[in-house]
Every structure is written in structure tokens, then in C-alpha cells.
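Taken together, the values in this text are just the output of simple stated rules run on the coordinates, not laboratory data. On a predicted model such as this, the values are computed, not experimentally measured, just so you know. FYI the Cβ positions are ideal-geometry reconstructions off the backbone, even for glycines, and counts take in every protein chain you see.
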Amino acid sequence: MQFKVLVEYSNRLRKTSSRNDKVGIVVDFLGRLTQREAAIGVCYISGKIRQGKLNIAWKGLSELINAAQQRKRAPNFVEIDRYLQKTKAARGKEKVRILWPLFARLNKIERKYLVALIFGEVQQGAGEGVVKLAIARFFDLKDEEIERAYLKQPDIAELFSYLLERGKGSIEGLGIRLFSPVKPMLAQIADSIDDVFDEYDDFSLEYKLDGVRIQVHRKGEKVRIFSRHLRDITAHFPELVNATRTLPVKRLILDGEAIGIDDRGRPVPFQILARRTTRKKDIGEMQKKIPVLPQFFDVLYIDGEDLTRQTYKERLKALKDLVRNKKYLTDRKMPLSKKDARDFYETSLKQGNEGVMLKLHDSEYRPGKRGKLWFKIKHVHTIDCVILAAEWGHGRRHGWLSNLHLGVLDETRSKYLMVGKTFKGLTDKMLAWLTDNLPKYKVHEDRWTVYVKPKVVVEIAFNEVQKSPRYESGVALRFARVKRIRDDKKPGEINTILDLDKLKRMGISEL
Ligand code: AMP
């Protein structure tokens, strides 16, 4: 397909605001793609290029927009993709030089469009979501079918190309493939070991490590490491690549966590480890400062066989047969009693971990899912906060003051800074009390919120403290819920930002 056709379709997309019409336009576009250009075309119509970022300066490209046009054949998608691939690999000014012959074959409108595509700035109101729907409609797939396929192949361009080549029927056989990362399986929060113990009886506990999720793919000497969000982070972790190469199987996909360790072999806090994933230079130097160890806890694929439909117990056996070096395996235990489980949890915390993961023995590996198969049990903290405002509730809570704005004292103990909001944990009794009493301290109000003097103290449970650019305090509570209203405490006695800073090593969001 010629580039100008893409520009025409994009214009059609921009002109309609109906999602349904947009899907129809994309379906029409998909029908015109050949197998060779399928993946490229899906990227382009989603407003992206296959190469991701080209790291090219805007100034260089803007010069190309105004350069003279040559009377040569217009380039097709495959040719454009090749030029962009070369550009990605080149450095500095060389990038613009490579692109020049390509731009010379495009008119001004097409050039502007290509530049927008390169910078991810195409404005047509149709991105991945619309294109995913269009792929489903194109192959006449049900929502669940496309969603399940998407979890196994989150790259929709590759997904379309796969289906186009093999036909709609191949969707069931869409298995896990090397170097095509799947969304990692996730866990649900459980309040305590005892809770899950009462409900299930056949499970193992694992340390919940405070590291970086890794999905490691290997074929012979080629190893690629993907983050939780499927970013290729191989270059950051040479030691993980080497550790993977020592394993006796040549083709495999492993799931695990990379942890940083200090000189005594204890895990370092996530903030320190995170430096390994942000710094692009001096990787050798960083490797010495913050050595990293893989902690594998699952195996998804061995020598052509997809293990995701097998049970956790079966996969665990395969993992243990594969990874003989215990230092690369996550610590785990099959607890025989609640006490046994609590002891394991305590040991995990003492070792510097976040808590434990609980995994049911008969669970299959569900890419991207947060089902009742894996549970995370983390250390819960409680602090005392003051209520700074409350928002009126919706639905069942209509008419009640519900969503609370929470504050703690700043270091000078002279003012209260916001650290989060929550409507969780409030009983009907508490809601009634808050609705009756908070308005007494009203400073001002708008349609949604009553702002109050800092008078009422509440005890709040939470799992982590995160960095927050949104709040002046710089921190935010994660998974905050109200435990009780503390009428025995004065606002001047509550916790401070300094207390939270101390706890911050427990959190900060992942890659
Ligand atoms: P959270 O980030 O609190 O939702 O917890 C889920 C994350 O815990 C996963 O994405 C992993 O990065 C991490 N994790 C640490 N230890 C384990 C483990 N043993 N099994 C699974 N995930 C783990």
C-alpha cells in the first residue's frame, strides 16, 4: 500500500467522531493490506511506527519537510519500514541523512504525516483500542476471543499478521512464542494469611520480592528480558543474560523477579535497584555497585511446549528440574498449618521482602489476569491521618459524605499536607457519623466536596507509600482504607511526612 492511502484513511478517521464508524474505516483499511505489510499497516493505522522511538531531533526532521521533492515512485509501507529500521540503528545526524531520500519521494502533506507518525502525534481519534475492535470485526471474532488472544499476543500488529496468515481458526492455537512476551500473570490482594487459609487448602507460599518483574526468553545464546510492561530491558541486565545461558535447556521462557543484593546478600530496596533500569550508560559500573540476581518462580515454555495450561504444581516441578542452582529460585514453602504459614511470612519480612505470594497448586498460568489464583499478602501499616475534606458519595452512598481527603503533618508540625483519598473500609455507622459531624467544621464547599478544618482523626491502613507528583507532600498512600475514627486523638498528635518517608522504601511503583 502506498503511504498516501494511509493519509487518506487517517483523514477519514479524523472526520468522524463515531467510534463505530472509525472501526468500520479501519476494517476497510485492514482488508487492503497484504501479508507482507500487515504488521506495519496495523502500526501505522494505530498512529505508531514499528520501531518505537527513533531518537531523532525534531529540528532535523522539520528541515526535511521543506526539502525539494523528486519525481520518483512513491514509497510503499515495506520500503518506509526499511528506512525507519536503518534510521533507528544510525546515530546523530546520520539519521536525517538516511531519511532524506525517503522524504524526497513524498509530497508535503505526506511528509508532515510521517513526521507526526514518527513522534507518535497523529491525531485521528483512533488508537490501539479502535484497531483491536476492528481486528475482531475483520475476523468476526467475539470480544472474549480477541481479549484472550490479546493477552497471549499483546502486540496487535503481530496478532493481526498471525491471524491473516493462518486464518481465524488459528486463534485457539495461539500459544506462547519465543521473543513475543505475554502479559505477566498478576495477583489479588488478600488481607492476611489466615483469610486465605480458611478458604483454600492446596497452595504454596513464596517470598514476595521487592524487585523488577522479568520475563526471560531464550533460544540458544540469544536471550531477551522483558519488563512487566513488556519493555525490552535486556541491555540493563547482562548478569541475568549470563545466568539464563547456564540453564540446560536451549529454548525457554521463565517468569521471575530480578532483585538487587547488597554485600551481605540481602535484597536492596526497590528504589536502589531501579537505578539499574533507568541508567543507559555505565552498565558495567552499575553492575558492580548494584549486583542483580534472578529469582525465577515460574516457567511458561520449554523446548516448543507451552506450559501455561498446566497446573502450578506441574510447572513448579519443571522449573525445579530446569533451574538446579537454588540461588536462582524464589524461596517457597508448602505450609502445613497456619502457624507454619505465619512463620514463613515473618521470615520473609525479616529477610527484607514485601510479604508473601500465595499460589494455588491447581492454577494454570493466566497471562495478564488478576484472578483468584495468586494472592499477595503484604505488610500492612497503619497511621493516623486527619480529614481535610470529604466528597459526597454516589450510588448506594448517595447523600453520605464518603470519599475522604487525608492529611498528615509536615515536618515543622505547622500544617497538614494531603497524602491520599479513600472511601474504603467505611461502615454505615462511620458514614452516618461523618455526614453528621464533618459539616460542623466546614470551611467551604462546592458541588462535590465539603472542605473542613483539620479536626477529625482517622486511623488508616495501607500497603505502600508511593512517590506522588500530584500532592504537595510528595507522597501518596497506596490501598488506603479506614480502620476507625479516633476520637481519642488530637490532630496535633497524628503522623508526619517524615514517618511516611521512612516507610517509603516499601513501595514506589514498578517499571
Ligand atoms: P504488586 O506490584 O503489589 O501488584 O505485586 C505483584 C508483583 O509482585 C509482580 O508483578 C511481581 O513483580 C512481584 N513479585 C514479587 N515476588 C513474586 C512472586 N514470588 N511471585 C509473583 N510475583 C512476585
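Can you find, among Pro238, Leu6, Leu151, the residue sitting farthest towards the positive end of the charge dipole of the chain, where Lys and Arg contribute +1 and Asp and Glu -1 at Cβ?
Value: Leu6.
From the Cα gyration tensor of segment 419-475, with a ≥ b ≥ c the square roots of its eigenvalues, which class applies: rounded if a/c is under 1.5, or else prolate if a/b is larger than b/c, or else oblate?
Taking the square roots of the gyration eigenvalues as a ≥ b ≥ c, segment 419-475 is oblate.
Between Asn242 and Arg91, take the C-beta separation as r, use R0 = 25 Å, and let me know the FRET efficiency to the nearest 0.05.
My answer for the efficiency is 0.35.
Using only the alpha carbons of segment 381-505, what is the convex hull's orientation-averaged projected area in square nanometres?
7.4
Rounded to the nearest Å, what's the spacing between the alpha carbon centres of segment 199-225 and segment 290-329? Just the number, please.
Cα centroid to Cα centroid, the span is 7 Å.
Which values of log₁₀ I(q)/I(0), to two decimal places, follow from the Debye formula for segment 321-467 at q = 0.19 Å⁻¹ with a uniform point scatterer at every Cα?
For segment 321-467, the Cα-only Debye profile gives -1.13.
Amide H neighbours of Val299 under 5 Å, at least 5 residues apart or on other chains, H built in the peptide plane: list them.
Asp255
Using θ = phi - 60° and the Karplus form 6.51 cos²θ - 1.76 cosθ + 1.60, what ³J(HN,Hα) does each residue of segment 357-365 get, whole Hz, x for Gly and Pro?
Residue by residue, segment 357-365 yields 10, 10, 10, 6, 5, 8, 7, 7, 8 Hz.
Going toward the positive end of the dipole of the chain, with +1 on Lys and Arg Cβ and -1 on Asp and Glu Cβ, which of Tyr328, Ala74, Gly256 do you reach last?
Ala74
Go through segment 240-323 and name the trypsin sites (Lys or Arg not before Pro) that are in a DSSP coil and have 15 or fewer other Cβ atoms within 10 Å of their Cβ.
Passing both the DSSP loop test and the Cβ count: Lys250, Arg264, Arg279, Lys280, Lys281, Arg309.
Just the number: Rg to Rh for segment 186-377, Cα atoms, Kirkwood Rh, two decimals.
Reported Rg/Rh, Kirkwood definition of Rh: 0.96.
Along the positive direction of the dipole of segment 381-505 (beta-carbon charges: Lys, Arg +1; Asp, Glu -1; about the Cα centre), which of Gly492, Val456, Leu477 reaches farthest?
The residue sitting most towards the positive pole is Leu477.
Residues with amide H under 5 Å of Ile233's amide H, sequence separation 5 or more or different chain, H placed in the peptide plane at 1.01 Å from N; which?
Ile225, Phe226, Ser227
Let me have the relative contact order for segment 381-505, percent, based on Cα pairs under 8 Å that are six or more residues apart.
Rounded, it is 31 percent for segment 381-505.
Mind putting a number on the dipole of segment 1-158 about its Cα centre? Charges go on the C-beta only, +1 for Lys and Arg and -1 for Asp and Glu, and I need it in Debye to the nearest 20.
900
List the GluC sites (Glu not before Pro) within segment 161-261 that fall in a DSSP loop (any state other than H, G, I, E or B) and whose Cβ has at most 15 other Cβ atoms within 10 Å.
Glu172, Glu221
Charges at C-beta only: +1 for Lys and Arg, -1 for Asp and Glu. How large is the resulting dipole of segment 274-392 about its Cα centre, in Debye rounded to 20?
Dipole size: approximately 340 debye.
For Tyr200, Tyr162, what ranking results if the residue with the fewest other Cβ atoms within 10 Å of its Cβ goes first?
Tyr200, Tyr162
Sort 437-447, 185-195 by packing, meaning the average of other beta carbons within 10 Å per residue, with the highest value first.
185-195, 437-447
Could you name the aspartates and glutamates whose alpha carbon sits less than 17 Å from that of Lys72, not counting residues in the same chain fewer than 8 places away?
Straight-line reach from Lys72, under 17 Å: Glu110.
What distance in nm lies between label points placed 7 Å from Cα along the C-beta direction at Gln351 and Leu230?
According to this spin-label approximation, the distance is 3.1 nm.
Let a ≥ b ≥ c be the square roots of the eigenvalues of the Cα gyration tensor of segment 71-160; is it rounded (a/c under 1.5), or, if not, prolate (a/b larger than b/c) or oblate?
Here segment 71-160 falls in the prolate category.
Say each of Lys280 and Arg177 gets a label point 7 Å from the Cα, pointing the same way as Cα to Cβ; how far apart are those two points in nm?
2.9
Give me the percent relative contact order of the chain, please, defined on Cα pairs under 8 angstrom at least 6 residues apart.
12
State the percent of C-alpha pairs, over all pairs in segment 270-341, separated by a distance greater than 17 angstrom.
Counting pairs separated by more than 17 Å, the tail of P(r) holds 62 percent.
Fully extended, how many nm does the chain gain between Ser17 and Lys429 (0.36 nm per residue separation, minus their Cα-Cα distance)?
Additional length available on full extension: 143.7 nm.
Let's test the formula: R0 of 51 Å, r as the Cβ-Cβ distance of Arg264 and Leu186. What FRET efficiency results, to the nearest 0.05?
Using R0 = 51 Å, I get an efficiency of 0.95.
If the limit is 25 Å between Cα atoms, which of Lys442/Lys467; Lys53/Lys281; Lys339/Lys421; Lys59/Lys108; Lys219/Lys289 go over it?
Distance filter (> 25 Å) returns Lys442/Lys467; Lys339/Lys421; Lys219/Lys289.
Among the lysines, which fall within straight-line cross-link reach of Lys440, defined as a Cα-Cα distance under 19 Å, with same-chain neighbours fewer than 8 residues apart omitted?
Lys429, Lys453, Lys455, Lys489, Lys490
Treating each Cα of segment 3-132 as an identical point scatterer and ignoring solvent, apply the Debye formula and state log10 I(q)/I(0) at q = 0.10, 0.15, 0.22 Å⁻¹.
Evaluating at q = 0.10, 0.15, 0.22 Å⁻¹ gives log10 I(q)/I(0) of -0.31, -0.69, -1.37.
Between segment 435-511 and segment 241-257, what is the separation of their alpha carbon centroids in Å?
Centre-to-centre distance over Cα atoms comes out at 44 Å.
Compute the relative contact order of segment 1-113 as a whole-number percentage, counting only Cα pairs closer than 8 Å that sit 6 or more residues apart in sequence.
31 percent.
What order do you get for Ile261, Ile176, Ile460, Ile65 when you list them from fewest to most C-beta neighbours inside 10 Å?
Fewest-to-most ranking of Ile261, Ile176, Ile460, Ile65: Ile65, Ile261, Ile176, Ile460.
Under a cut-off of 16 Å between alpha-carbon atoms, report the lysines in cross-link reach of Lys326, not counting same-chain residues fewer than 8 places apart.
Lys317
Please state, as a whole number in µm²/s, the translational diffusion coefficient that the Stokes-Einstein equation yields for the chain at 25 °C and 0.890 mPa s, with Rh defined as the Kirkwood radius across alpha carbon pairs.
Roughly 93 µm²/s, to the nearest whole number.
If I take R0 = 51 Å and measure r between the Cβ atoms of Thr449 and Gln70 in this structure, what FRET efficiency does the formula 1/(1 + (r/R0)^6) give, to the nearest 0.05?
Between Thr449 and Gln70 the formula returns 0.25.
Can you give me the Cα centroid spacing of segment 32-60 and segment 379-394 in angstrom?
Answer, in whole Å: 46.
Can you sort Arg111, Arg366 from fewest to most other Cβ atoms within 10 Å of each residue's own Cβ?
Placing the least packed residue first, the sequence is Arg366, Arg111.
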